[in-house]
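*Asks:* Below is a structure I'd like to ask you about.
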Amino acid sequence: MNMSSVLNKSIIRTLPCQSMLGCRLLSTSFPVYQQQGQHESVDNAGKTTHFGFRTVAEEEKEKLVRGVFSSVASKYDIMNDVMSMGVHRLWKHHLINKLNCGMRPNSNRPLEFLDVAGGTGDIAFGLLDHAYHKFGDNLSKMTVADINPDMLAEGRKRCSSLTSYGNSGRIQFIEQNGEKLDAIESNSKDVYTIAFGIRNFTDIQAGLNTAYRVLKPGGIFACLEFSQVENSALDYIYQAYSFSLLPLMGQLIANDRDSYQYLVESIRRFPKQDVFADMVRKAGFYVPGKGYENLTFGVAAIHIGVKL
């Protein structure tokens, strides 16, 4: 019998989040690059980091990323549709179902959700909807944190026009740097989610460390992010699509080639699945199994961590 497997199952069964929170755990011609999370991801001595394939000053990256998302805020769903061929909606739905979060009928303690880099609210609204429709939970609260005010404005607009949460007092949108979250108290959140956001951080490890800080013991970290296709033949096709067609489509659809070029490069620079899983462990999280689930051959992946 595999003792590691037994240990994983034993720990997961006894996690506070399982019973109290209701979270079911579950060689090419393209540019040469080095992925973040490896030795040269951030040059602390020179205070430089990467913006796509460019090397920039650390303090400049935040402004550059802010500019990208200010540019695409009103067309964010179109951007994700283009980058994932529409499949991002299925990935998000799968993430929400995988977490299966909501205050159970026999509990009197609402959950505290935190969705980081969640400006437009897709994941936030989906989590609250799931909690209500599956568990009758209309008390749990959501904080949406994003560094970009234009993305937050889009989220507030959608919240008021497309959901019933606008005047409920159950959801708040706050402008925050995800690497610091200085407005979020330590040990205060039950569930931390981040979708298609963490690869834009200047210091990914700092963001993971902060996620660990703000979660309560037993809290869940869940990250959905574009990742690396593991099959080399499929990866070649995907990279051809990404580098040849996506920037062109960005120009045609949104009149913004540069933002889409950065987003393609940022995906390619993001750590491979096993490397990122190790970074989650380094932050202090218990990582069940291998720590990630590939989606659509690894075009995206879900990473899970538990604060014990």
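*Asks:* Could you tell me whether residue 141 is touching a Pro at 6+ places or on another chain (Cβ under 7 Å), at negative phi and modelled with pLDDT of 95 or more?
*Replies:* It is true that residue 141 is touching a Pro at 6+ places or on another chain (Cβ under 7 Å), at negative phi and modelled with pLDDT of 95 or more.
*Asks:* Further question: Would you check if residue 253 is open to solvent by 70 Å² or more (accessible area, probe 1.4 Å), under 20 Å from residue 301 (Cα atoms) and not small (Gly, Ala, Ser)?
*Replies:* Considered against the rule, which asks whether it is open to solvent by 70 Å² or more (accessible area, probe 1.4 Å), under 20 Å from residue 301 (Cα atoms) and not small (Gly, Ala, Ser), residue 253 comes out as no.
*Asks:* Checking residue 130 against (1) surrounded by fewer than 22 Cβ atoms within 10 Å (Cβ to Cβ); (2) modelled with pLDDT under 95: exactly one of these is not met. Which one?
*Replies:* The number of the failed condition is (2).
*Asks:* For region 185-225: of the residues being assigned to a loop (DSSP other than H, G, I, E, B), surrounded by fewer than 23 Cβ atoms within 10 Å (Cβ to Cβ) and not polar (S, T, N, Q), which is nearest to the chain's Cα centre (by Cα)?
*Replies:* Applying the filter and picking the extreme gives 203.
Results for (1) open to solvent by less than 10 Å² (accessible area, probe 1.4 Å); (2) modelled with pLDDT of 90 or more, shown as yes or no for each residue.
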{"site": "227", "(1), (2)": "yes, yes"}
{"site": "245", "(1), (2)": "no, no"}
{"site": "266", "(1), (2)": "yes, no"}
{"site": "292", "(1), (2)": "no, yes"}
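*Asks:* Being at positive phi and not small (Gly, Ala, Ser) is the filter here, so list the residues in region 184-243 that pass it.
*Replies:* 187, 196
*Asks:* Whether any residue in region 116-124 is surrounded by fewer than 16 Cβ atoms within 10 Å (Cβ to Cβ) and either among the β-branched types (Val, Ile, Thr) or more than 18 Å from the chain's Cα centre (by Cα) (or both) is what I want to check.
*Replies:* The answer is no, given that none of the residues of region 116-124 is surrounded by fewer than 16 Cβ atoms within 10 Å (Cβ to Cβ) and either among the β-branched types (Val, Ile, Thr) or more than 18 Å from the chain's Cα centre (by Cα) (or both).
*Asks:* Please tell me if residue 237 is over 24 Å from residue 55 (Cβ atoms) and under 19 Å from the mean Cα position of the chain (by Cα).
*Replies:* Spelling it out, it is not the case that residue 237 is over 24 Å from residue 55 (Cβ atoms) and under 19 Å from the mean Cα position of the chain (by Cα).
*Asks:* On the basis of being of a type in the set (A, V, I, L, M, F, W, C) and within 25 Å of residue 98 (Cα to Cα), does residue 171 make the cut?
*Replies:* For residue 171, the condition - of a type in the set (A, V, I, L, M, F, W, C) and within 25 Å of residue 98 (Cα to Cα) - is met.
*Asks:* Being surrounded by fewer than 24 Cβ atoms within 10 Å (Cβ to Cβ) and in a loop (DSSP other than H, G, I, E, B): is that true of residue 160 here?
*Replies:* no
*Asks:* Could you please tell me which pairs satisfy a Cβ distance under 8 Å, a separation of 6+ or placement on different chains, a first residue in region 120-145 that is more than 16 Å from residue 104 (Cβ to Cβ) and in a helix (DSSP H, G or I), and a second residue that is open to solvent by 50 Å² or more (accessible area, probe 1.4 Å) and at pLDDT 95 or above?
*Replies:* As it stands, the answer is 126/93, since those pairs meet every condition given.
*Asks:* Given the criteria over 17 Å from residue 86 (Cα atoms) and polar (S, T, N, Q), does residue 232 qualify?
*Replies:* yes
*Asks:* If you go through region 229-243, how many residues are outside any loop (DSSP other than H, G, I, E, B), touching a Phe, Trp or Tyr at 6+ places or on another chain (Cβ under 7 Å) and either polar (S, T, N, Q) or modelled with pLDDT of 95 or more (or both)?
*Replies:* Of the residues in that region, 1 qualify.
The values are calculated or read from the model by the stated rules, or taken from the named source; none is laboratory data. Keep in mind that this is a model prediction, so the values were computed, not measured. As a convention, Cβ positions derive from the backbone with ideal geometry for all residues, glycine included, and neighbour counts pool all protein chains shown. We work out accessible area using only protein heavy atoms, side chains counted, and drop any ligands, DNA or RNA first. Shrake-Rupley method; radii C 1.70, N 1.55, O 1.52, S 1.80 Å.
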